[in-house]
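Peer 1: Sending over a structure as structure tokens; questions will come in a sec.
The values are calculated or read from the model by the stated rules, or taken from the named source; none is laboratory data. Everything numeric here is computed off the predicted structure, so don't read it as measured data. Positions of Cβ are generated from backbone atoms using ideal geometry, with glycine treated the same way; all protein chains shown enter the neighbour counts.
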Amino acid sequence: MSQSAQPAPLQPVVILVRPQMGENIGAAARAMLNFGLTEMRLVAPRDGWPNPRAVAMASGAAGQVLDRARVFPTLAEAMEEIHHAYATTARGRELTKTVHTPASAMAEARQIAAGGRRVALIFGPERAGLENDDVARASAVVTVPVNPDFPSLNLAQAVLLLGYEWAREALPSQPAPPGRRPPGEVPATRLEIDRLADHWEERLDHARFFFPPDKGASMRLALRNLWSRMPLMRADVQILHGVVRQLTWKPRDD
């Protein structure tokens, strides 16, 4: 690494507290890896660990997250080496804490991690979420602004939302450009479109389309303008040449 290069900030630790279903743990692992998060900690998983259903749901590459997952009996022990933690919850709490959206929480988390401190994202069990005793151990709360008539998110969805917000500064603002495109997907040049327009005008003129004569010039202009507005690919131009040839082809008498 060059001397001018900046080290990547320490990634957040994802802590799943008393997760109930192996499938949800596996889905959370997939959501984590989508955005480069690889450190999972499990607190007292209901069905024990390792869990074959979690492995099946992780599906391939995300299995590496499960392979390195660490299991702890309590949240307090799972918080080792953590400097700042965010508890995710949709319910009101009696505890006084800063409440973030996923975006504001992860913006703050990036600043904390850039200073060399570890951040944790804490998610509760599927049925009831985090308890007050769990939330009390966090530095702040994260609540997703969703439909108030249905605020429930499943475990993997919640992990995915925070993972996306964590990684969004490093994500491209536009979709990645495609690789080398087949010849037919290359945009047509202006010259190719002009030749197509000439071809159609020639055949339409032969068919006496531009009638009456006093309107012919405006009809030709409108048609030429139509072709130039179209975002045609090279393959489109070839097809349209073929269409006009076929339409004006005279079949043989059998």
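Peer 1: Out of the residues in segment 130-154 meeting the condition of being touching a strand residue (DSSP E or B) at 6+ places or on another chain (Cβ under 8 Å) and closer than 18 Å to Gln20 by Cβ, tell me which one is surrounded by the fewest Cβ atoms within 10 Å (Cβ to Cβ).
Peer 2: Asp134
Peer 1: Check segment 31-40 and report whether any residue there is within 17 Å of Gly163 (Cβ to Cβ) and part of a strand (DSSP E or B).
Peer 2: yes
Peer 1: Still on this model: Taking segment 196-230, which residues are surrounded by fewer than 15 Cβ atoms within 10 Å (Cβ to Cβ), under 24 Å from Glu185 (Cα atoms) and either among the aliphatic types (A, V, I, L, M) or in contact with a strand residue (DSSP E or B) (Cβ under 7 Å, 6 or more places away or on another chain) (or both)?
Peer 2: Leu226, Met230
Peer 1: Next question. Looking at (1) under 20 Å from Gln157 (Cβ atoms); (2) in contact with a strand residue (DSSP E or B) (Cβ under 7 Å, 6 or more places away or on another chain); (3) surrounded by fewer than 20 Cβ atoms within 10 Å (Cβ to Cβ); (4) among the hydrophobic types (A, V, I, L, M, F, W, C), which is the one condition that is false for Trp49?
Peer 2: All conditions are met except number (1).
Peer 1: Within segment 105-142, work out how many residues are farther than 17 Å from Pro12 by Cβ and assigned to a loop (DSSP other than H, G, I, E, B).
Peer 2: Number of matching residues: 7.
Peer 1: Same structure, new question: If a residue must be under 25 Å from Pro45 (Cβ atoms), assigned to a helix (DSSP H, G or I) and under 24 Å from the mean Cα position of the chain (by Cα), how many such residues does segment 69-104 contain?
Peer 2: Looking only at that region, the number is 1.
Peer 1: Within segment 193-229, restricting attention to residues that are of a type in the set (Lys, Arg) and in a helix (DSSP H, G or I), which residue is farthest from the chain's Cα centre (by Cα)?
Peer 2: The selected residue is Lys215.
Peer 1: Here's something else I'd like to know. It is to be established whether one or more residues within segment 138-148 are assigned by TED's automatic domain parsing to the domain that holds Asn34 and either of a type in the set (D, E, K, R) or under 15 Å from Ala28 (Cα atoms) (or both).
Peer 2: no
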